[in-house]
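The structure under discussion appears below in the form of structure tokens.
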Amino acid sequence: MTHFSQAWDNPLFTKQQLNTFMTLVEPLRANGVKVHVASSAAIIGGLGTQLDFIRPGICMYGLPPEPITETAELVESLGLRPVLSRRARPTLIKQLPQGRVVGYDNTYVTRATETIATFSLGYADGYNRLLSNRGVVSLDEDGPQLPVVGRVSMDAITVRLDEPKPSSTTFNIITDDFTFPNSVTKMAATLGTIPHEVTTSLAARLPRVFLSGGHVVAVTKSLVTDER
């Protein structure tokens, strides 16, 4: 086997790499050795998919290998959709008067009386610190985008709400689509990285709910054990 270094945006180089590999393994294939090259990006691009196996990686999770609109649209056209969403309820909602600072380093100051919600998740849970004053959360597909204000701290983010909400309200931290600013694809674009990093950064201590056919089939409170 081999692995393509740039299958998502350099098809010419990838074809050269494929041709080199095929020349090398030709005598092996004649003796029945199975070969494979196609990662998610190569599968999407139709490179090396005629060989014995394919290796879908991030496409198995319904995500594109790069955070580009055209690639996401191509993944969607194949009938794939993101399997991951991340939801949370605030631990605190309060109104702050104009002129109050929010979060570490005083990077955000309220401009008027504002409703600020605190969520008990932060960069220790995989919510990137670079989303400070840049990230958003949402309520539903038609609802407003609610900005993350102030620094993302280790265990908390703060969000400016458009209006007071009950603390039982569930918010979308990550949406299971390709286009919302808080989808994995758009978050990766904002961060200048790839979708893989956004998802693999999610901490083991996060509770996970597994669904199949719209029904909960498993729940894990945490994948780590607190031995304190």
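With a ≥ b ≥ c the root eigenvalues of the C-alpha gyration tensor of region 116-228, is it rounded (a/c under 1.5), prolate (a/b larger than b/c) or oblate? The shape class here is rounded. Taking a ≥ b ≥ c as the square roots of the Cα gyration tensor eigenvalues, with a/c under 1.5 meaning rounded and otherwise prolate when a/b beats b/c, else oblate, which class fits region 87-182? Verdict is oblate for region 87-182.
The listed residues Tyr123, Tyr108, Tyr61, once ranked by accessible area (1.4 Å probe) with the largest placed first, stand as Tyr61, Tyr123, Tyr108. How much of the accessible area of the chain, probe 1.4 Å, is carbon plus sulfur, in whole percent? Result for the chain: 53 percent of the exposed heavy-atom area is carbon or sulfur. With no solvent and one point on each alpha carbon, what is the Debye value of log10 I(q)/I(0) for the chain at q = 0.17, 0.18 Å⁻¹? One equal scatterer on each Cα of the chain leads to -1.19, -1.28. Helical runs (DSSP H, four residues minimum) scored at -39500 (n - 2.57) apiece and divided by the length of the chain put the mean residue ellipticity at 222 nm at -6500 deg cm²/dmol.
With contacts taken as Cα pairs under 8 Å and at least 6 residues apart, region 1-143 reaches a relative contact order of 13 percent. Per residue, the chain exposes 58 Å² of accessible surface when a 1.4 Å probe is rolled over the protein heavy atoms with every protein chain present. Its Cα gyration tensor gives region 15-134 an equivalent ellipsoid; the semi-axes, largest first and in whole Å, are 50, 14, 13. Put the Cα centre of region 67-136 next to the Cα centre of region 140-190 and the gap is 4 Å.
The values are calculated or read from the model by the stated rules, or taken from the named source; none is laboratory data. In this text, all values refer to a predicted model and were calculated from it rather than measured experimentally. Ligands, DNA and RNA are stripped out before the accessible areas are found, and what is left, the full protein with its side chains, is counted by its heavy atoms. Shrake-Rupley method; radii C 1.70, N 1.55, O 1.52, S 1.80 Å.
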